[in-house]
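Working notes, beginning with the structure itself.
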Amino acid sequence: MRGKKVWGVGAAAFLVGAGTMFAATVLTDDDAKVTVQPESATNADDMPQTREGLIAAWTAELRKAGKEKPDGWKTLTTAEIRDRYLSQYFINAPDAENIDPGMARRG
């Protein structure tokens, strides 16, 4: 019987402590902490929304790579053009070696 009473007192003390800690945290933490995700290079605001805009952006990325649009590109859907633009955009993106050639690599 005594073991149950000790366990009950311990559980009650734990709950009181946890409640006190929670209340103290809520009362003292006035600044809401917000995690901000870094903006992607292809932020939704920067992404062309029209077919013509996507074609122009894709063409520019192809030029950077010394390429041209493939034959029959006019039959591609807008979604396919967007996919090809994004693909070429990421292919053209500098890698870590280009950004910092002396950076040590993890082994």
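The values are calculated or read from the model by the stated rules, or taken from the named source; none is laboratory data. Remember, predicted model here, so these are calculated numbers, not experimental data. For neighbour counting, all protein chains shown are included, and Cβ atoms are generated from backbone atoms with ideal geometry for every residue, glycine included. Quick note on the areas: whole protein, heavy atoms, side chains included, nothing else; ligands and nucleic acids left out. Shrake-Rupley method; radii C 1.70, N 1.55, O 1.52, S 1.80 Å.
When T59 is tested against (1) modelled with pLDDT of 90 or more; (2) assigned to a loop (DSSP other than H, G, I, E, B); (3) of a type in the set (V, I, T), exactly one condition is not met: (2). Of the residues D95, D29, D71, D45, the single one that is among the charged types (D, E, K, R), modelled with pLDDT under 65 and open to solvent by 70 Å² or more (accessible area, probe 1.4 Å) is D29. Between G17, G102, the distinction of being open to solvent by less than 90 Å² (accessible area, probe 1.4 Å), in a helix (DSSP H, G or I) and modelled with pLDDT under 95 belongs to G17 only. For segment 51-65, which residues satisfy the criterion of being open to solvent by 40 Å² or more (accessible area, probe 1.4 Å) and within 16 Å of A93 (Cβ to Cβ)? Residues satisfying the conditions are A60, R63, K64, A65.
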